[in-house]
Amino acid sequence: MINITLPDNSVRQYQPGVTGMEIAASISEGLARNVLAVKVNNEVWDLSRPIEADARVQLLTWNDTEGKATYWHSSAHLLAEALEALYPGVKFGIGPAIENGFYYDIDLGGKQLSQDDFPAIEQKMLELARNKSEYIRRPVPKAEAIEYFKTKGDQYKLDLLEGLEDGSITFYSQGNFVDLCRGPHIPNTGFIKAAKLMNVAGAYWRGDEKREQLTRVYAITFPKQKELTEYLERLEEAKRRDHRKLGKELELFAFSEKVGMGLPLWLPKGTMLRERLESFMRKAQTRAGYQQVVTPHIGSKELYVTSGHYEKYGADSFQPIRTPNEGEEFLLKPMNCPHHCEIYKTKPRSYRDLPLRLAEFGTVYRYEQSGELHGLTRVRGFTQDDAHIFCRPDQVKEEFIKVIDLVLYVFKVLGFEDYTAQISLRDPENQQKYIGTDEAWEKAESAIIEAAHEKGLRTVTELGEAAFYGPKLDFMVKDALGRKWQLGTIQVDYNLPERFQLEYTAPDNTKQRPVMIHRAPFGSLERFVAVLIEHCAGNFPLWLSPEQFAILPISEKYHEYAEKVYQRLLQEDIRGFIDNRDEKIGRKIRDAEVQKVPYMIIVGEKEQENDIISVRKHGEGDMGNLTVDAFIQNFKEMLSDILSKN
């Protein structure tokens, strides 16, 4: 018998050769109906593949990320089968699962595919799915595989075969379709109940613009039609919440071709929003013992050679700025940490001086490819709420935990309640990507794992996702639509202190190296604002809203009274504006609603005579008449209530 260990650490015994499907059936009939694949010792397998030795096993369903990936990769094969039926002679590149759905790169021999063709392809996919064709895995000798695709005239599969070793090649077939594939796949096509083609785009074969251009077909499938309907509704809601659309409507930021791609311009309202976020973070950092610093936007090339950033990023960054002095070169700052290392070195440090916490809202520049730029989420110039903690080795875990507390405080205040902490470690198979000793990496990784465990964080571990100088804890936040974003990050670094020869005097009077902790709870202000806009659909928390009120005079006769009310509110640090346009009051109210202004203050004859205001709340309507003093008191009580809860 072999021992099968399940995720809850329970152990069951089975005959050698047991399959994932047989294990599922032995647990429950319902699980057997819904299981899609099996994870055996961290490798995802087909449910029909025999397990011959003791193993740790996880049965994957639609609720598991790897279960969805298997489902969508299998759906890519179904799409290919449908395309082959509708377009004889079509040739296929690759068809992987992606975060939402899958795509397949195809060559239609000069034919064009448009959205008008989507319904027929979707119908064919569902027709084939109803056949419940099994996905059958078959090992194939390389010579046989080459002969098969030569017969089909499919140069793309032949190209893929060149990089594969004999003995490692497998075919998968379902219905009348055969593909070169490593797998794994779901049991049969019958699991696929709903299909939607989303888009078509051009894609160069193997990402090489000198190679053939293929048609990339994006699609998504679901086990239930209801889930597809809900997904499409979420997409429509995402369009309404798109930060690029709302940023323009709310007059927060803009882009200019003359300024340059990926370089946002912050408009007055957006600047107020940024300043509120910065002020919030500065206060939190001051309470936590940080000292604010400011560093230049450029630095000597030698600074980044020393730090290792030039070696790792120089080729893909903005090119050096050459001065009239021969051999003198500067770079736009790609990171703040080398500058902070130089601040540390401005005077001798003792063990009593540590931890030293240096914080900066530092703007950095990285040359992202134009095709990768996207609103505020991917830009070429962005401001990090950056800080670097220089501490003794015995202080690392305590300081790391304090940073976790700060990140969680930020999420709580801003309404991000659903998050996972990703422990990003180095890739054990490719250690050339990283700098530093094995000993330093092991210490750093242990400190992160222990701190996350002590704080009781929900974590996932990702190999190969570490920064080149150290492991990190990345916070993956879900927004109101369930989409995941990487926001806050904390990194432990034993390497930069070594590169910059940083020292402190220990109690025994010896010179020792400090440890660096890099941290940015927002990540970058640009990306954080983009996510915040989409999370709250532009309805910012009252304390953060750029404009908290709009005074709407009914006519020109009441402009003077409107100004009196305006000045009174400004004295209490309540921000807003007067809409003095020659428009009807109904239009002014509608425009203020579109601008998502929290409070609309209407003033006319009755209000002026009685020294009162008529108040409307965004999205809720009329709140009745109040004195200005009563409105101010209510407003401050609401703000106080919000702050006291956090």
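The values are calculated or read from the model by the stated rules, or taken from the named source; none is laboratory data. All of these numbers come straight from a predicted model, not from anything done at the bench. Don't worry about glycine lacking a Cβ; one is built from the backbone with ideal geometry, like all the others, and counts go over all protein chains shown.
Looking across segment 381-398, just one residue is assigned to a helix (DSSP H, G or I) and either aliphatic (A, V, I, L, M) or surrounded by 24 or more Cβ atoms within 10 Å (Cβ to Cβ) (or both), and that is Val396.
Contact map, segment 453-464: residues that are assigned to a loop (DSSP other than H, G, I, E, B) paired with residues that are hydrophobic (A, V, I, L, M, F, W, C), Cβ distance under 7 Å, separation 6+ or inter-chain. Pairs shown: Lys455/Ile401; Lys455/Ile404; Leu457/Ala421; Arg458/Ala421. Against the list (1) farther than 30 Å from Glu257 by Cα; (2) within 23 Å of the chain's Cα centre (by Cα), the condition Lys397 fails is (2).
Exactly one residue out of Lys248, Lys150 is more than 30 Å from Leu59 (Cα to Cα), among the basic types (Lys, Arg) and more than 25 Å from the chain's Cα centre (by Cα): that is Lys150. Here Phe330 fulfils each of the conditions (1) within 26 Å of the chain's Cα centre (by Cα); (2) of a type outside the set (Gly, Ala, Ser); (3) part of a strand (DSSP E or B) apart from (1).
A quick yes/no check of all residues on (1) closer than 28 Å to Glu22 by Cα; (2) in a helix (DSSP H, G or I); (3) aromatic (Phe, Trp, Tyr):
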position	(1), (2), (3)
Gln58	yes, no, no
Ala69	yes, yes, no
Ser74	yes, yes, no
His77	yes, yes, no
Glu84	no, yes, no
Gly95	no, no, no
Lys111	no, no, no
Ile121	no, yes, no
Glu127	no, yes, no
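Looking only at residues of segment 271-327 that are closer than 22 Å to Gly381 by Cβ, of a type in the set (S, T, N, Q) and part of a loop (DSSP other than H, G, I, E, B), we find that the one that is farthest from the chain's Cα centre (by Cα) is Thr323.
When each of Tyr434, Tyr409 is tested for being touching a residue at least 24 places away in the same chain (Cβ under 8 Å) and over 21 Å from Phe280 (Cα atoms), the lone residue that passes is Tyr434. Taking segment 1-54 as the range and being among the hydroxyl-bearing types (Ser, Thr, Tyr) and assigned to a loop (DSSP other than H, G, I, E, B) as the test, the residues that pass are Ser10, Thr19, Ser28, Ser48. Lys132 meets each of the listed conditions (1) in contact (Cβ under 8 Å) with a residue 60 or more places away in the chain; (2) touching a helix residue (DSSP H, G or I) at 6+ places or on another chain (Cβ under 7 Å); (3) at positive phi apart from (1).
Looking across Ile448, Ile423, one residue alone is of a type in the set (A, V, I, L, M), assigned by TED's automatic domain parsing to the domain that holds Val396, in contact with a Leu (Cβ under 7 Å, 6 or more places away or on another chain) and in a helix (DSSP H, G or I). It is Ile448. For first residues located in segment 31-49 and in the same structural domain as Gly17 (by TED's automatic domain parsing), partners that are among the basic types (Lys, Arg) and lie 6+ apart or on another chain with Cβ distances below 7 Å form the pairs Asn41/Arg56; Asp46/Arg137.
For segment 369-380, the candidate set comprises residues that are in contact with a helix residue (DSSP H, G or I) (Cβ under 9 Å, 6 or more places away or on another chain) and surrounded by fewer than 20 Cβ atoms within 10 Å (Cβ to Cβ); within that set, the residue that is farthest from Phe400 (Cα to Cα) is Gln369. Ser75 meets the conditions (1) surrounded by 18 or more Cβ atoms within 10 Å (Cβ to Cβ); (2) of a type outside the set (A, V, I, L, M, F, W, C); (3) under 22 Å from Glu29 (Cα atoms) in every case but one. The failed one is (3).
Can you tell me which residue in segment 22-44 is nearest to Ala69 (Cα to Cα), limited to those that are among the aliphatic types (A, V, I, L, M) and over 28 Å from the mean Cα position of the chain (by Cα)? Let's see the steps before the verdict.
Step one: filter segment 22-44 for residues among the aliphatic types (A, V, I, L, M), giving 23-25, 27, 31-32, 35-38, 40, 44.
From what's left, over 28 Å from the mean Cα position of the chain (by Cα): 23-25, 27, 31-32, 35, 40.
Details: Ile23: 21, Ala24: 19, Ala25: 22, Ile27: 23, Leu31: 18, Ala32: 19, Val35: 13, Val40: 16 Å.
The extreme case among them is Val35.
Annotation: of all residues in segment 255-298 being in contact with a helix residue (DSSP H, G or I) (Cβ under 7 Å, 6 or more places away or on another chain), over 24 Å from Pro355 (Cβ atoms) and among the hydrophobic types (A, V, I, L, M, F, W, C), the one that is surrounded by the most Cβ atoms within 10 Å (Cβ to Cβ) is Leu273. Of all residues in segment 604-644, those satisfying the criterion of being farther than 26 Å from Gly538 by Cβ and touching a Leu at 6+ places or on another chain (Cβ under 8 Å) are Ile612, Val628.
Could you say which residue among Ile585, Ile602, Ile578 is in contact (Cβ under 8 Å) with a residue 12 or more places away in the chain, buried (at least 18 other Cβ atoms within 10 Å of the Cβ) and not basic (Lys, Arg)?
Working: Ile585 fails: buried (at least 18 other Cβ atoms within 10 Å of the Cβ); Ile578 fails: buried (at least 18 other Cβ atoms within 10 Å of the Cβ).
Ile602 is the lone residue from the list that is in contact (Cβ under 8 Å) with a residue 12 or more places away in the chain, buried (at least 18 other Cβ atoms within 10 Å of the Cβ) and not basic (Lys, Arg).
Screening Leu160 on (1) in a helix (DSSP H, G or I); (2) more than 34 Å from the chain's Cα centre (by Cα); (3) not small (Gly, Ala, Ser) shows it passes everything except condition (2). With respect to the conditions (1) within 21 Å of Glu237 (Cβ to Cβ); (2) outside the structural domain of Arg276 (by TED's automatic domain parsing), Trp543 falls short on a single one, namely (1).
Of the residues Pro541, Pro507, Pro497, which is outside any strand (DSSP E or B), touching a Cys at 6+ places or on another chain (Cβ under 9 Å), surrounded by fewer than 23 Cβ atoms within 10 Å (Cβ to Cβ) and of a type outside the set (D, E, K, R)? Quick ask: steps written out before the conclusion?
Values: Pro541 fails: touching a Cys at 6+ places or on another chain (Cβ under 9 Å); Pro507 fails: touching a Cys at 6+ places or on another chain (Cβ under 9 Å).
Exactly one residue qualifies, and that residue is Pro497.
Screening Thr229 against (1) touching a strand residue (DSSP E or B) at 6+ places or on another chain (Cβ under 9 Å); (2) surrounded by 15 or more Cβ atoms within 10 Å (Cβ to Cβ) leaves a single unmet condition, (2). Of the residues that sit in segment 401-421 and are buried (at least 19 other Cβ atoms within 10 Å of the Cβ) and within 15 Å of the chain's Cα centre (by Cα), which one is nearest to Ala452 (Cα to Cα)? Only one residue tops the list, namely Ala421. Taking the criterion of being within 26 Å of Ser524 (Cα to Cα), outside any loop (DSSP other than H, G, I, E, B) and of a type in the set (S, T, N, Q), no residue of segment 215-270 qualifies.
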